[in-house]
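To start, the structure itself, in structure tokens.
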Amino acid sequence: MALYAAHAVRSFDSALSRISGFVSGSSGQVRIACLPSLAATVLPGVVSSFRREFPRVELFIHDAAQNQVVPMVAEGTVDIGLVAFTQSLLPGLEVAHLLSDPFVAILPADHALALRPSLEWKDFHGERFVGFNSVTSIAPLLTRALAHSGVEPDEVQTADSIPAVGGMVAAGMGITAVPRLVVPLMNFTNLVEVPISPVVERELVLTHFAEAPLPKPVESFKQRLLAASRRGFSGIEGHTGPSATVLQ
């Protein structure tokens, strides 16, 4: 009986500790869905520092395409989504700006345009081009950027994933344009990155369900992510300024 009572007391104390940690924000979980480029570049530094500060909070990270991330947020499968802003984001979602991500040209190192210090969108006209399928956050922005400049490249192939597009460019199938943050995912040695003028940007945002208050661990992570955004995400290049065009 005494052993049972002691076990019951320990279990009760443990339950109280877990409840207290959840209320204070020192324990619990944070579920995040985000674009692969953000999982690889923006998140690691924030996650690392957050885990040091809150070792009892579990972090679950799902990297997925834009058309998967937004429903996950709206349905409550995750607490926070990191996506490209579009006017078609679902109503009822709160949105906060994170980062502006400029498009750059990606070319094989031996391509004639790779020798230029910068390109214009008109330089893509008639070029063999590797594009993205519509499930990505990149495809609609890229389509509008080219159309806005009256450019019609010769699209020879499309793919869903960034590494797949990068591989096809590296194989000499054509050239492409991508937001700068995805470049690390194109890990091919014979590719060259060249700035494009005028600057066109992908706006990246943090979003979550607006009507319900966020649990304290989630709110703590959100605030640290926004603070990192205000500092410019150390080590991550971006462009914000009057010369930039943000496509939505």
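What follows is calculated from the coordinates using simple rules that are stated; it is not laboratory data. Given the structure is predicted, the values throughout are model-derived calculations rather than measurements. All Cβ positions, glycine included, derive from the backbone under ideal geometry; neighbour counts span all protein chains shown.
Quick check for you: which residues of the range 56-80 have the amide N under 20 Å from the point 7 Å beyond the Cα of Val95 toward its beta carbon? 64-80, by backbone N distance to the label point.
The range 61-95 and the range 165-186 have Cα centres lying 25 Å from one another.
How large is the charge dipole for the range 81-138, taken about the Cα centre, if only the Cβ atoms of Lys, Arg (+1) and Asp, Glu (-1) carry charge, to the nearest 20 debye? Display every interim value, and only then the final one.
On the way: 3 positive and 6 negative charges, 19 e Å.
Dipole size: approximately 100 debye.
Ordering Pro102, Gly81, Leu115 by Cα displacement along the dipole of the range 64-128 toward the positive end leaves Leu115 in first place; charges were set at the Cβ atoms of Lys, Arg (+1) and Asp, Glu (-1).
Summing +1 for each Lys or Arg and -1 for each Asp or Glu among the other residues whose beta-carbon sits under 11 angstrom from that of Leu142 gives +1.
How do 62-68, 132-138, 210-216, 44-50 rank on mean C-beta neighbours within 10 Å, highest first?
On the way: 62-68: 16.6, 132-138: 20.4, 210-216: 11.9, 44-50: 15.0.
Per-residue Cβ counts within 10 Å, averaged per peptide and sorted highest first, yield 132-138, 62-68, 44-50, 210-216.
All other residues whose Cβ lies under 14 angstrom from that of Val200 are scored, Lys and Arg at +1 and Asp and Glu at -1, for a net of -1. State, as an integer percentage, the relative contact order of the range 135-244 based on alpha-carbon contacts under 8 Å between residues 6 or more apart. Value for the range 135-244: 26 percent. Computing FRET efficiency as 1/(1 + (r/R0)^6) for Ala171 and Ala109, where r is the C-beta to C-beta distance and R0 is 22 Å, gives about 0.95.
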